[in-house]
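These notes concern the structure reproduced below.
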Amino acid sequence: MPVLARTLEAAGLATVVISMMPYWAERIGTPRTLGVEFPFGHPLGQPRDAEMHLRVLRQALGLLEQAEEPGTIVHSPETWPEPVEEATRDWQPPQPSPIIAALRPRFREILRKSRRGSPPPS
């Protein structure tokens, strides 16, 4: 998404990314990011909660309208209505995905490099 957002911005279209990982959005350089503290796969909130979906979308559109400079990151005040650990456990598959399994041995190294200002791995 960040690469697509930057490409659209270069073509003159304003974008906003809704991200559960605003730290990485900042590192990668998205033009505008709304950070949400939700379990992965649920950027707008719980399934079938139309009111929460609309609130998050309105926040994203407000950021699109009000951000004065590229790289703006705003954290949503929305909170997940149940303990995040419980939601993650309910959503998380029993086995890690192949990419996570492959990265797991290098995860500490990746985090260390990111803290020192190195670009994330491609």
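Summary table
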quantity: Sole residue being touching a strand residue (DSSP E or B) at 6+ places or on another chain (Cβ under 6 Å) and basic (Lys, Arg), chosen from 32, 58, 112, 89; calculated: 32
quantity: Every residue from segment 50-101 that is part of a helix (DSSP H, G or I), surrounded by fewer than 11 Cβ atoms within 10 Å (Cβ to Cβ) and either of a type outside the set (A, V, I, L, M, F, W, C) or at pLDDT below 85 (or both); calculated: 51, 58, 65, 66, 85, 89, 90, 98, 99, 101
quantity: Residue among 87, 60 that alone is touching a residue at least 24 places away in the same chain (Cβ under 8 Å) and outside the structural domain of residue 27 (by TED's automatic domain parsing); calculated: 87
quantity: Sole exception among (1) under 20 Å from residue 22 (Cβ atoms); (2) modelled with pLDDT of 80 or more; (3) loosely packed, with under 12 Cβ neighbours inside 10 Å for residue 120, by number; calculated: (2)
quantity: Per-region count, segment 1-49, residues touching a helix residue (DSSP H, G or I) at 6+ places or on another chain (Cβ under 7 Å), farther than 27 Å from residue 97 by Cα and surrounded by 15 or more Cβ atoms within 10 Å (Cβ to Cβ); calculated: 4
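The values are calculated or read from the model by the stated rules, or taken from the named source; none is laboratory data. Remember, it's a predicted structure, so these values are computed and weren't measured experimentally. Quick reminder, even Gly has a Cβ in these numbers, built from the backbone with ideal geometry, and neighbours come from all protein chains shown.
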